[in-house]
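As structure tokens, the structure follows; a few thoughts come after it.
Taken together, the values in this text are just the output of simple stated rules run on the coordinates, not laboratory data. Fair warning: this is a prediction, and the values are worked out from it, not measured in the lab. Virtual Cβ from ideal backbone geometry, glycine too; neighbours counted across all protein chains shown.
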Amino acid sequence: MQKYSYSRPGCGARIKRYFDQGKHFQAEPQHVKTKGMIVACGKEVQRVSVTDRLLNIGDIPIVLARVAVDTSSLQKPLVKIDFSTMIQVTVPSGIITFGAQFAFQLVRNCRGEREVLNNYQYIADLQKNVVYNIRQSFGFTFCDDDIFCQRDCCIYTVELINISIFGSNGDPVIELAIEDSAIRAIAQGICNGFQHEAFKQPVCRDVALVCGKEKNTVDISPVISADLRSDPIILAKLSLDVNCTHKPLVAINFSTLIHVEEAEETGFTEGVQLSFVLKRKCNGVENVLRGYEYLKFIDRAEISYSLKNAFTFTFCDDEFVCAQGCCIYTVELVGIEILGSGDVISRLVIENSALNAVLCD
């Protein structure tokens, strides 16, 4: 665990006593900007649910998530933003629709100065005359190295600015959902300096990057529905030593690859829904921190398909109360549900699972 210089807020300035010809005086306190790190957990602001054809956003973007970072205690800070969300696209009938495109922007607002830092797109490729119901993750990472001149508090927001349906005849009928958005910021000063203001946002005394391990891969063929809650499949596991910590904050990142295959000869089954949970176990007490769902549903008209993509999420554990022993985080597969008129799909593979965390104390 790496150590950083730190003055704990609320503890008061260290007073030095000097003696000059038998007299003593108190020196003025000098606050040192640290070369440490700040981890800030943001919040989901708004969810998007569209069931009436097309959403008209207009000139006011929809703020999905927001995080505030006070970098006044850091010298020449760098800020890394991690964002993740779940997007669900449903085409309830086999209309002539070829795709949907979502446009997002990352915005920084410091002292009322609003700046768009980057733009992102998510494209759902749909096929003609096919019924779709797809729910999968979308995320990005951005490093803000242009914040040297900013002081005090900056607010980062991820905003939805446009949804467009393309390649469709007439008014598209499509259902959209954006939910479970999560954002976090990690800020670090790159050199030492001085300041004369008290800290407003605590700087990590100790920072540790902890890497977990993949525990199990899933390779099932054929696949049927299964409730795995009583005997879940642990995909990844991370152990965290929290001895001697004060009030730790743990920022979790998880990623895996999911591969779904459906052969023509298996019948009329259209898709699969997978249920995951993130768990934390400390001193024998287990908590489910959050649940996630992954969904692939394609009415393929007996046409075979093979789909492989990433599933990721970010989670900030800012309600961490344990300060001794070892805590274990796991991501577990707890349910498989086959969708459609059949009861089996050809193959399901879940592999290359990775779980890591940043511990800030």
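Per-residue 3J(HN,Hα) values for the range 65-70, derived from phi via the Karplus relation 6.51 cos²θ - 1.76 cosθ + 1.60 with θ = phi - 60°, read 8, 9, 9, 10, 10, 9 Hz in sequence order (x marks Gly and Pro). Placing a pseudo-label 7 Å from each Cα along the Cα-to-Cβ vector at residue 319 and residue 209 gives an inter-label distance of 3.0 nm. A simple spin-label model places the labels of residue 123 and residue 309 1.2 nm from each other, with each point 7 Å out along Cα-to-Cβ.
By count of other Cβ within 10 Å, fewest leading, how are 110, 143, 360 ordered?
Details: 110 18, 143 11, 360 25.
With the fewest neighbours first, 110, 143, 360 line up as 143, 110, 360.
Between residue 113 and residue 175, how high is the FRET efficiency from 1/(1 + (r/R0)^6) when r is the Cβ-Cβ distance and R₀ = 35 Å? Nearest 0.05.
Working: r = 38 Å, r/R0 = 1.07.
So the FRET efficiency works out to roughly 0.40.
Taking amide H positions as modeled 1.01 Å from N, with prolines and chain starts lacking one, the residues under 5 Å from residue 206 and 5 or more places away or on another chain are 361.
Rounded to the nearest whole Hz, the Karplus-based 3J(HN,Hα) values (6.51 cos²θ - 1.76 cosθ + 1.60, θ = phi - 60°) of the range 210-221 follow the sequence 10, 9, x, 10, 6, 9, 9, 9, 10, 9, 10, 7, with x at glycine and proline. Computed 3J(HN,Hα) for the range 272-283, one whole-Hz value per residue from the Karplus formula 6.51 cos²θ - 1.76 cosθ + 1.60 where θ = phi - 60°, is 8, 10, 10, 10, 10, 9, 9, 10, 10, 10, 10, 6, glycine and proline marked x. Ordering 275, 230, 221, 353 from the fewest to the most neighbouring beta carbons within 10 Å gives 230, 221, 275, 353.
Given a cut-off of 27 Å, name the pairs among 76/281; 76/237; 80/279 whose C-alpha atoms lie farther apart than that in the structure shown. Check vs 27 Å cut-off fails for 76/281; 76/237. Going by neighbour counts of Cβ atoms within 10 Å, the residues 178, 123, 338 line up, fewest first, as 123, 338, 178.
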